[in-house]
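Values in this text are rule-based calculations from the coordinates and carry no lab data. All values derive from a computational prediction rather than experimental measurement. Note that each Cβ is placed from the backbone with ideal geometry, even for glycine, and that neighbours are counted across all protein chains shown.
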Amino acid sequence: MAEFLGRVLIVAGSDSGGGAGIQADIKTVTALGGYAACAITTVTAQNSLGVRQLHPIPTGTVEAQIRAVLEDIGADAVKTGMLVSAPVVELVARFLDATPSLPAVIDPVMAAKDGTALLNSRAASALLALLVPRAALFTPNAPEAAALTGHAVETTDDLRRAGEALLAVGARAVLMKGGHIVGKSVIDVLMTGAGETTFEGPRSATPHTHGTGCTLASACAAGLAQGLALETAVARAWAYTAEAIRRAPGFGAGAGPLDHGWPMRNS
């Protein structure tokens, strides 16, 4: 674990069930030895069975949260999750332009696990045009990659092709997540202009995977904030997330949360 605390500013939505969103992000960064601050974009009412309500936070309030953190506490990396609307995407892009030294991990949270849309089409277009080119690391799953590139993503080779298209848009690196691709193993591919690294592990036979994408992206952001090299940060994040899935406590009747706190109990 890195000695440097590492401050991560997380811009994302709140999950009342605690499995995904801001709650998963804060738990993850803390468990990996970092410091998490946040700007909440949306309040949701949800649990392991699905999303019941969405309440977007006014864009001006999101901006005020970001300013308050950066003007006082500061940040060493930025992680974005559920951004909801094009104005919020545009807001984040302006702040990234104003803080070019901060590595940004952009997780394109487009839908909840139950299928509820979390990003409208205008916002998705804005994300592709404005945030992908500003991403130190972009972390789409297969359905998100398909929606953003317009091509079917059903195999690991499809995942790589989509990754190449996203690198061409301007992302410095993409972590193409293969959890939705059918197979005995889960294969994620980290791609940069210099090459690729594959992360592969057995698929866990559990429904309790709510918040996996948020967790992995936040773990990557924590590593970058702590000064880890990209591949090292992603490797640590991947191992942390895999173990958090393996140790999922089984809460809820549907897709339950991971065990984000496992490293603190192992110390």
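Fully extended, how many nm does the chain gain between VAL43 and ALA152 (0.36 nm per residue separation, minus their Cα-Cα distance)?
Details: separation 109, 0.36 × 109 = 39.24 nm, distance 3.16 nm.
Full-extension gain reported as 36.1 nm.
Please quote Rg/Rh for region 162-267 to two decimal places, taking the Kirkwood radius as Rh and restricting both calculations to Cα atoms.
0.99
For region 1-92, restrict the atom set to alpha-carbon positions and state the Rg and Dmax in Å.
Radius of gyration, then largest Cα-Cα span, for region 1-92: 13.4, 40 Å.
Rounded, prolate or oblate: pick one for region 225-264, where a ≥ b ≥ c are the square roots of the eigenvalues of its C-alpha gyration tensor, a/c under 1.5 means rounded, and failing that, prolate if a/b is larger than b/c, else oblate.
prolate
May I ask you to compute the full-extension gain from THR61 to ASN266, defined as 0.36 nm times their residue separation minus their alpha-carbon distance, rounded to one decimal in nm?
So the chain would gain 70.0 nm between THR61 and ASN266.
If R₀ is 41 angstrom, what is the calculated FRET efficiency for the pair ALA194 and ARG52, using the beta carbon separation as r and rounding to 0.05?
So the FRET efficiency works out to roughly 0.40.
Could you sort 107-118, 51-62, 19-30 so that the peptide with the highest average Cβ count within 10 Å comes first and the rest follow in order?
19-30, 107-118, 51-62
Which number comes out as Rg/Rh for region 89-174 once both Rg and the Kirkwood Rh are worked out on C-alpha atoms?
Result: Rg/Rh = 0.96.
With only Lys, Arg, Asp and Glu charged, each at its Cβ (+1 for the first two, -1 for the last two), find how big the charge dipole of region 4-91 is about the Cα centre; round to the nearest 20 debye.
So the magnitude is around 240 debye.
Give me the percent relative contact order of region 7-259, please, defined on Cα pairs under 8 angstrom at least 6 residues apart.
19 percent
Quick one: what Rg and Dmax do you get for the chain from the alpha carbons, in Å?
16.6, 47
May I have the convex hull volume per residue, in Å³, for the Cα set of region 56-102? It would help to have the intermediate numbers written out before the result.
Details: hull volume 3.3 nm³, N = 47.
Taking the convex hull of the Cα positions in region 56-102, it is 70 Å³ per residue.
With the cut-off at 19 Å, tell me which of the pairs LYS27/LYS184; LYS113/LYS177; LYS79/LYS177 have Cα atoms farther apart than that. Spell out each step's value before the answer.
Working: LYS27/LYS184 29 Å; LYS113/LYS177 15 Å; LYS79/LYS177 17 Å.
LYS27/LYS184, as the Cα separations exceed 19 Å there.
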